[in-house]
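The values are calculated or read from the model by the stated rules, or taken from the named source; none is laboratory data. No experiment lies behind these values; they were computed from the predicted model shown. Quick reminder, even Gly has a Cβ in these numbers, built from the backbone with ideal geometry, and neighbours come from all protein chains shown.
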Amino acid sequence: MKNGLAFSSLLAGTASFLLLLASGPAHARAAAGAGAEAGGGKCAAGDVAVVWWSPREPQPGGAMRILAVSESGRDAELKIAAPGGAAAPAIVRRGGPPFSLEGDVEKAAAGTYRIEVVLAGKVVGCRNIHVVSGRGAKAVAPKEAAKTDGKAVWTAHLAWDRSTENLYSAFVERLFDAPPDKSVDFRPLHQALRDPARNFLYDHLGLREDDPTNKSAIPATPDCADLPYFLRAYFAWKIGLPFGFRDCDRGTDARPPRCGEMATNESVTVSGKDTLARVKSFFRQVTNHVQSGSARTALDDDNTDYYPVKLDRGVLRPGVIYADPYGHVMMIVKWIDQTPKQGGLLLAVDGQPDTSIGRKRFWEGTFLFTNDTKSAGPGWKAFRPVVAGANGGPLQALSNKAIGGAGDSGHAPFSDEESKLSGDEFYSRMGKLINPSGLDAAAAYGETLDALVEQMKVRVGSVDNGEKFMRETKNAVVAMPDGAKIFETTGAWEDYATPSRDMRLIIAMNVLAGLPDRVVRHPELFVLGGRKSEDVRAELQALHKQRIGERAIEYRRSDGSSFKITVADLLARKTELEMAYNPNDCVEIRWGAKDNSPERATCQRHAPDDQVARMNEHRVWFRDAKRPPR
């Protein structure tokens, strides 16, 4: 029952199932129809619904979660008819594309639930779910979940097609969902994965694999480069999909990173006597081998884990990653459409060396782009499809040419268009995707200011984590790497120094200050209301002078007192921030407090003289806001 695979327990005694609307490919439609009929919920001819569920036999009194994901059903409705006339749950609408509809039944009643997805008055997906006591998921899930061929960590019995890719996008969006004005922060990632309200696959296999009270639960502590890999591997394991990864070098000054042969869930040797131990061993191998070079590979390289995609709203969906030229990696989690009253947003998450995960908006100050760096292939990329080998052979990855071709209609094709764009062109293209109707110039300034303040708030947490570490180690000196390795190393410096983050902060400050001039360079991105772009620039310059004194953050000084810094203060400290990344310095220096100022009077810790001398040598990188080549 390939396409009608039963999800095992989402929660103990919890049912969860997915109606996945497969639009387009004929093979997807055929699979959908077979899956729906196999479950006993017959739909009319021509149905395009694939039905997933968990547990196989929901229990009365247990929660039941329903998620319908559609490629094109923006206006579809989810109807849930409960047995005995019980009230239907409220429906939550997300995304697009893919679009999703969610309904949670708090306590399932005994009997049959009829689930229908209706689009333009037609039932395009349906399912009958039988809730019967006495034969729960626990009776069948462990055997099903532990199924392997004896050598594989898990055996892939499903394929990465449009249906499973849509499900992955819905899984990612749900995991990090929150109103756009709310922060989303976890440290580490398993805070999210162990929350059944976020994780659609919570305890999916019935092994208590996500239960925080289970000492054998799967830990999730990825950093920036690890985060997309971990989530992709976690999802693939839960659903039964192929997964692969490669060892890559970090490139040189003259070329991007290059990678070796692919290892997979069916080829890697792992330790452990039970399923969870073996999976944890595999996840450790993945995160120990991948690094920032894995995402910076050349755009035309076939031997990679990621491939570049077109700058298109339908392609850039949750789960797609962004590789900046200097090694930072982010992952799309949500689009918010532009409305007449509100600008659009593209939201992504990233990991930090200290294992914290945070959500950020797309803007020039955070998503760095340049094609001038010979050591990187930057831009938007998707995971390269891993498929079953011919005639039962080992898993293999599709070439750039094969992706999205006749034999792979489930993926966006390879595109090298990003290699032809300047930074200015790239940001202009992205601006049009996020705000296709253009933005009021003052509103655009306000959103840019919001993004900078958001970045400042995130830095408060990063610096605080460093302060906590220094207290715990009784201010033991953290060794400073040599040269450009300050941006890329291991150990306490990687975890608690902030050179990469501070470089992005300085770039963000430059972007805010340069926005008035951008209106003159790219008036097509703004709604000017018939005014000259030069006049609008003057208005923004006046607005900038006013607003930077109104927005502020607070940090805690060495003596525990709180200190307020406005955006105007931060902009005035740009020179000091060129040397503010060293965790051996006190928190006041980390925030650019000027020497002999009352703010700095509480400072009690300084970096060693030799480290200060080296930081002085490196400050030109920060002054020019350009990292040195690898």
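When residues in the stretch 147-161 are screened for being touching an Asp or Glu at 6+ places or on another chain (Cβ under 8 Å) and at pLDDT below 90, 2 of them pass. For the condition surrounded by fewer than 16 Cβ atoms within 10 Å (Cβ to Cβ), acidic (Asp, Glu), modelled with pLDDT under 95 and farther than 23 Å from Ile548 by Cβ, Asp424 qualifies.
Kindly indicate whether any position in the stretch 333-340 is within 27 Å of Ala156 (Cα to Cα) and modelled with pLDDT of 95 or more. The answer is yes, given that some residue of the stretch 333-340 is within 27 Å of Ala156 (Cα to Cα) and modelled with pLDDT of 95 or more. The number of residues in the stretch 570-587 being closer than 17 Å to Gly549 by Cβ and part of a loop (DSSP other than H, G, I, E, B) comes to 1. A Cβ distance below 7 Å, combined with a sequence gap of six or more or placement on separate chains, defines the contacts here; from the stretch 94-123, residues that are basic (Lys, Arg) reach residues that are assigned to a strand (DSSP E or B) and surrounded by fewer than 15 Cβ atoms within 10 Å (Cβ to Cβ) in the pairs Arg114/Ala81.
Mind listing whichever residues of the stretch 588-614 are touching a residue at least 40 places away in the same chain (Cβ under 8 Å) and not in a loop (DSSP other than H, G, I, E, B)? Scanning the stretch 588-614 gives Arg590, Glu599, Thr602, Gln611, Arg614. Just so you know, in the stretch 87-116 the residues that are under 25 Å from Ile332 (Cβ atoms) and of a type in the set (A, V, I, L, M) include one that is surrounded by the most Cβ atoms within 10 Å (Cβ to Cβ), and it is Leu101. Suppose the filter is crowded, with 21+ Cβ neighbours inside 10 Å, among the charged types (D, E, K, R) and in the same structural domain as Ser169 (by TED's automatic domain parsing); does Lys310 pass it? It is false that Lys310 is crowded, with 21+ Cβ neighbours inside 10 Å, among the charged types (D, E, K, R) and in the same structural domain as Ser169 (by TED's automatic domain parsing). Comparison of Gly529, Gly560, Gly514 shows that the only residue that is small (Gly, Ala, Ser), over 32 Å from the mean Cα position of the chain (by Cα), closer than 29 Å to Ser462 by Cβ and assigned by TED's automatic domain parsing to the domain that holds Ile486 is Gly560. Gly466 fulfils the conditions (1) within 23 Å of the chain's Cα centre (by Cα); (2) closer than 30 Å to Asn582 by Cβ except for a single criterion, (1). You will find that of Glu488, Glu494, Glu467, the residue that is at pLDDT below 95, within 22 Å of Arg605 (Cα to Cα), surrounded by 15 or more Cβ atoms within 10 Å (Cβ to Cβ) and among the charged types (D, E, K, R) is Glu494 and no other.
Scanning the stretch 192-248 for residues that are modelled with pLDDT of 95 or more and of a type in the set (Asp, Glu) yields Asp226, Asp247.
Within the stretch 341-351, track down each residue that is under 14 Å from Leu433 (Cα atoms) and assigned to a loop (DSSP other than H, G, I, E, B).
Matches in the stretch 341-351: Gly343, Gly344.
Screening Lys238 on (1) touching a residue at least 60 places away in the same chain (Cβ under 8 Å); (2) part of a helix (DSSP H, G or I); (3) of a type in the set (D, E, K, R) shows it passes everything except condition (1). For the stretch 294-332, residues that are touching a helix residue (DSSP H, G or I) at 6+ places or on another chain (Cβ under 9 Å) and either polar (S, T, N, Q) or at pLDDT below 95 (or both) total 6.
Apart from one condition, Met480 fits all of (1) in the same structural domain as Gly529 (by TED's automatic domain parsing); (2) surrounded by 20 or more Cβ atoms within 10 Å (Cβ to Cβ); (3) assigned to a helix (DSSP H, G or I); the exception is (3). Given the conditions (1) in contact (Cβ under 8 Å) with a residue 24 or more places away in the chain; (2) crowded, with 16+ Cβ neighbours inside 10 Å; (3) under 25 Å from Val511 (Cα atoms), which single one is not true for Pro628? Here Pro628 clears every test but (2).
Out of the residues in the stretch 270-306 that are basic (Lys, Arg) and in a loop (DSSP other than H, G, I, E, B), which is surrounded by the most Cβ atoms within 10 Å (Cβ to Cβ)?
Of the residues in the stretch 270-306, the ones basic (Lys, Arg) are 273, 278, 280, 284, 296.
Applying the additional criterion that residues be in a loop (DSSP other than H, G, I, E, B) yields 273, 296.
Details: Lys273: 7, Arg296: 29.
Result: Arg296.
Across the stretch 556-574, the number of residues qualifying as free of Cβ contacts under 8 Å to residues at least 24 places away in the same chain and not basic (Lys, Arg) comes to 6. Considering each residue of the stretch 577-585 in turn, none proves to be over 22 Å from Trp621 (Cβ atoms) and either assigned by TED's automatic domain parsing to the domain that holds Asn465 or not aromatic (Phe, Trp, Tyr) (or both).
Would you be able to say whether some residue in the stretch 442-460 is of a type outside the set (Lys, Arg) and closer than 22 Å to Arg162 by Cα? If you could, list the steps in order and put the result at the bottom.
The initial filter retains those residues of the stretch 442-460 that are of a type outside the set (Lys, Arg), namely 442-456, 458, 460.
This time we only want the ones that are closer than 22 Å to Arg162 by Cα, so: none.
No: zero hits.
In the stretch 339-362, the qualifying residues are those that are in contact with a Leu (Cβ under 9 Å, 6 or more places away or on another chain) and among the hydrophobic types (A, V, I, L, M, F, W, C), and the one that is surrounded by the fewest Cβ atoms within 10 Å (Cβ to Cβ) is Leu346. Against the list (1) touching a Cys at 6+ places or on another chain (Cβ under 8 Å); (2) in a loop (DSSP other than H, G, I, E, B), the condition Gln338 fails is (1).
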